[in-house]
Structure formats: C-alpha cells, structure tokens
There are 2 protein chains.
Amino acid sequence: MKALVLTREKSPLEYIDRPDPVANAAEGEVIVHLRHAALNRRDYYITKGMYPGVEPPVILGSDGAGLTEGGREVIINPSMNWGPDPRAQQRKFAIIGMPSDGTFAEQIIVDKAQLFDKPSHLSSAEAAALPLAGLTAYRALMSKCQVRRGERVLVTGAGGGVAQFATQFARAAGAEVWVTSSSDSKIQQAVSLGANGGANYTKDGWAKSLKADAEAFDVIIDSAGGDGFKDLVSLAAPAARICFYGGTRGKINGLSPQIIFWKQLTIMGSTMGTADEFEQMLRFVREQGIHPQIDRVVPLADGAAAVESMGTSSQFGKIVLEV
Amino acid sequence: MKALVLTREKSPLEYIDRPDPVANAAEGEVIVHLRHAALNRRDYYITKGMYPGVEPPVILGSDGAGLTEGGREVIINPSMNWGPDPRAQQRKFAIIGMPSDGTFAEQIIVDKAQLFDKPSHLSSAEAAALPLAGLTAYRALMSKCQVRRGERVLVTGAGGGVAQFATQFARAAGAEVWVTSSSDSKIQQAVSLGANGGANYTKDGWAKSLKADAEAFDVIIDSAGGDGFKDLVSLAAPAARICFYGGTRGKINGLSPQIIFWKQLTIMGSTMGTADEFEQMLRFVREQGIHPQIDRVVPLADGAAAVESMGTSSQFGKIVLEV
C-alpha cells in the first residue's frame, strides 16, 4: 500500500510503498481502509524533531475515517490505552501515528475499541477532521472547564483545529465566544463560525479592546502559553477556569500569584481525552449538528507538503488528506 | 479601651486608647469582649504598606476569641460579605481588621453572622489562633484540592499558620504529608505535628530527596510562588492539584505548559473562604480533635513588636495576643 512515512528523524515525510498490514483478529485488531485522514500540529512537530520518543520508520497520522472490511463506516479514536483514571492517562498511553503506524496510508490496523460509527451528518472528509482536535477541545472545554450556558469564553489562536472546535462547542453549549489571532481574516472566519468577536494580539491595546467588548472571561482555552499567558489571567473573571492544551509560545512567565488567588482562578493543563469523552464528543457533535471546518482537501500523495505548510499556520480549520 | 492601632501608613502599630465601640443591635451588630487575638502575615504586610487600600487610623487584627455581652464564648469568622457565589468572593468582600476595626483591642463590633461557638476542646488562645489560617487552609486543601485518604500532600513553608493547619488537616483526612522549609528545626516540628518528613529548600538537591522519599505529590499547598513554583510542578503526580494562597516570592516564572498538560495538572489560587467553609472547618477541627500550634502568647500591649517580628518568619505556629 501507499503511505506517508517518516523514514528518519527530522525529515519531511516520504510517500512510499509499505507492506499491507495483517490484522490479528484474535487480539481484537481490525483493518480500516482509510478514505480520509487529517493533519494535526503534532505531525508537523514530529517531522521537525520537536517531539519526544520519535522512532522512524513510522507512518504518521492520528486522524482517520474509512471502512472496515465488513463495510462499517468508522472514525478512529486516536487516544489509545488511556487507562482506568479519567483524570490522567496512564504511562502506556499512546496516540495513533507514532510510535504505532498511523492514518496517512491506505490501510491501518487498530484495536476495535478505537472504532466508532461515523456520524451520519458528516462527510468522510469532515469525519476525518474531527477526532484528535475534537476530543482535545471537548475535554478542555467541557470536562475540565465545564462551560455553562451564558458564560463568556475566550479561545486563543483562532484557525487551529482545537480552537475551531472549542469555538463551535462553546457556542453550541450556549456560551458567548471571543477569539484571538494574529490575523484579522481568521477572526472574521471565527465570527462566521459563531464567535461574537475577537482581537488581533499583534496590535497594541488588544486586551483592552477585548475587555471593553466582553468585560471578562469565565473560561479561556489557550494553546500558546508563553509570556502572553499573563494577559489571559488579567482577562479572567472571578472564578474563571483557564485550560491550555498546547504551549507554542514556550514557558509561562510573569504570573502574579496575588491576582490568581484573589480572583480564585483555576488553571489547568489538558491533553487528548478518554474513550468516554470521545463518545460524549461524538454525541454532542451529532446532537448539535456541528460540521468541522475544513481548510482544504489534498491527495495523500501531496501530504508531505501539506504537513510542511503547517509551519506557517496559514490554514483556518483542518487540512484533510484524501486517500 | 486599649487597642493596637495603625495610625498612619507604613508604620508600626501603636498601643493607644480608643473609644469603646457602641453596637447597633437593630442592625445585627454585637460587641465581643476579646480574650485573645492572633497575628497573621496580613497584619505585618499592612504595617509595611504592602497591602492595597490601607486607610488609617484602624485597629488591625483578623483573628479573635472572646465573650459576647450575653456571656457566649465565641470565635469570629474574619471573612465578611463573601456573597452568593461560593467559587469567588463578591466585590464588597472584606476581612475583619482593615478597613473595619479588628481584633487587636479589648472589644470589637461585629455582625452576629460572624460569630461561631468556640470549639469546647480549645482554650481561648487556641481558638483565637484558628480562624483566618484555618479557614484559608480548609478551603485550599479540602474545598479546592479535595484531598483524599492515602494521597501524598506537600505543604511549603512549614511554620506559617496556614501551612500548619494544612499539615494537620491533611493528616486528619488520612493523607501522608511532607513539608518544605528553610529551617531544619521547623521541618522537625512539622514532623511532630504529624508530617512524614520534609526537605530544606535552601539545600541543593532538596527536590530530588523529596522525590526519593515520596515519589510525587497528589496535592501541593503553596504560599510562595516565585521562581521555585516550577519545582512544585516537577514534583506533582499526574492529575495533581496545586493550590496557593500566597505569593511571598513574587511572580511565577518558567512554567512548562507541556509538563502541565501532559500531567493533566490543576493549579488554583485560593483566598479565605465562605461562611459555610468556616462552619465545616470548625466541625472538622472539633471532630478530629485538632489543636492549633501556638508559637507564643504575648500581652496585647506588646503586640506591635510581635507584628514586627513576623518579618523574620522565625515563629512556628501562631503568635497570640492576650487581651
């Protein structure tokens, strides 16, 4: 079969032939014939050597939708071996697509526990766009921050996959949503997804303009960290919950303990989610009729360039590969 | 009556005459004849001009125990006007002893809602030592971190009032407790209060020695913040809860978002507590037979020097004033 393979550390993916996988049915393994896969920032980081424990050769890709050999339309939960404690993953937790082979291929072997019915209101490409980012957004926003109807939510980095779902899920949950971005056009696109408004954080006074607009935020979903994180603390309402699932801007500095304890803030880190959360997320997407935002669909053969393009973060929504 | 008064900003307290207070019973005001009061770091900060909104002249003091004019033995909840949301205090929340007159006096006027029966197993001096620090520790450890039997708890800054109660409450809740301090003798005193052990953070390798001893911590109660806070993050177990109620070391720097989200950590700020939490705290202290640790009892007339002595943090447990 054809696949996008990381053949050595810190290198672009290669579109090459790999042996067809052989499933051990007795151990619960199932073959999925993929129709679509989707990119995540994780894939980009792995090709840049910015991820721990990379072991080439490996087929990348955590998101996929396709057909089992029995003809069932499925999407794949990329979160494997979470373990018994919903609060935190166990040591042998793994994400599909490194160290085990992923979805950037014609076929994948997965444990049948990873398979869920494709939501019928989604196209195959939309279904492939959902799993990793949808799960991450759901756990951060719903399980951890427990967003409520009428609350004001700030989502940083509009355009990213998780940010997109956090925006849509928060709106569907009855919250009001604002976003930040370095791009005015991404803010406009977020507004078209249901956001009330946003601020361009490259402009002076962006935090003040958000304050004037929304006063303060009950829930903040962040992926950046860095020196700008303290601005999020200053935008938080009393009893606010701030949850981050990434740290693209690096270490968090300059946090005032006094502001945090006086406002009674809660700051949480979150990554991925449990199988229960995956199922809850699918139900929520189905019930709310949510459609993932797709930036573009490209052929699997062109996937290496698509992964490379994530370095500029110019996409809005998910980049999907057609197998 | 005699009282310890802050007569002007940034100055030591003065032991002077003040008019006897006159209560408006129709508005629920009650006079308490104080027998003991206790010091908090807050009092020290106020005398040093390190607290916002200081308005002299004012009698300081947040903790007190005494008798009502009807002869009821009471302790005073220093947390006033919390408001309807248990998650965070409302804007008009205040702490007894600035801006309103406090407990470093022969008498005080308080709203009767602030009065609770003195736990009968406590002396008057012990009762006076309990309110502010006990409430702060209870909310941080029990309401926010929800410590469970068998969990491993780290309390920083052994010797401080809140740290002392956090240590005792965590032990009483069935947790194992370690402490940090800059003083070996304070660690030994914490062990005598029930701690399993501790580490002197002025010594190289203190975090490693704690790791060797306790592996990792499920709950961490901190009052320091600062650059050392990241060491607490590294000592946290997966799904750990870290709660701080102070920030004596200033701004928090160098936090890795990746470590925090991968471990699924929760970091919370907490201050004071609700009237319900005060009542729960009293019940817990009564049921568990907990006695506050008193560093020393000094006459009210010598209170100014006692407040000044808090600058060296040499005490272990509460400094109590005898009225």
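The values are calculated or read from the model by the stated rules, or taken from the named source; none is laboratory data. All values reported here derive from a predicted model rather than from experimental measurement. Ideal geometry is used to build each Cβ from the backbone, glycine not excepted, and the neighbour counts take in all protein chains shown.
Odds and ends about this structure:
- When the test is whether a residue is more than 10 Å from chain B (Cβ to nearest Cβ), within 17 Å of residue A:126 (Cα to Cα) and outside any loop (DSSP other than H, G, I, E, B), residue A:321 passes it.
- Test result for residue A:270, surrounded by fewer than 18 Cβ atoms within 10 Å (Cβ to Cβ) and among the small types (Gly, Ala, Ser): no
- Selection of helices (runs of 4 or more DSSP H) fully inside region B:173-267 by the criterion of at least 3 residues being within 14 Å of another protein chain (Cβ to nearest Cβ) and within 26 Å of residue A:249 (Cβ to Cβ) returns B:229-235, B:257-262.
- Residue within region A:224-240 that is within 16 Å of residue A:265 (Cβ to Cβ), touching a Cys at 6+ places or on another chain (Cβ under 8 Å), crowded, with 18+ Cβ neighbours inside 10 Å and not acidic (Asp, Glu) present: no
- Any hit, region B:127-149, residues being assigned to a strand (DSSP E or B), in contact (Cβ under 8 Å) with a residue 60 or more places away in the chain and surrounded by 24 or more Cβ atoms within 10 Å (Cβ to Cβ): no
- Residue A:209 being closer than 13 Å to residue A:179 by Cα and surrounded by fewer than 22 Cβ atoms within 10 Å (Cβ to Cβ): yes
- Checked across region A:269-290, the condition of being within 12 Å of chain B (Cβ to nearest Cβ) and free of Cβ contacts under 8 Å to residues at least 60 places away in the same chain holds for at least one residue.
- Every pair of residues 6+ apart whose Cβ atoms lie under 9 Å, when the first sits in region A:242-256 and is on the phi > 0 side of the Ramachandran plot while the second is in a loop (DSSP other than H, G, I, E, B) and of a type outside the set (Gly, Ala, Ser): A:250/A:227; A:254/A:227; A:254/B:251; A:254/B:253
- Residue A:279 vs. criteria more than 23 Å from residue B:224 (Cα to Cα) and not assigned by TED's automatic domain parsing to the domain that holds residue A:173: yes
- Looking at A:148, A:152, just one residue is among the charged types (D, E, K, R) and within 14 Å of chain B (Cβ to nearest Cβ), and that residue is A:148.
- Scan of region B:96-126 for residues that are among the small types (Gly, Ala, Ser) and crowded, with 22+ Cβ neighbours inside 10 Å, ordered by number: B:97, B:102, B:105
- Residue within region A:63-72 that is under 20 Å from residue A:5 (Cβ atoms) and of a type outside the set (Asp, Glu) present: yes
- Count of region B:49-64 residues, restricted to those that are over 13 Å from residue B:105 (Cβ atoms) and either of a type in the set (Asp, Glu) or touching a helix residue (DSSP H, G or I) at 6+ places or on another chain (Cβ under 8 Å) (or both), is 3.
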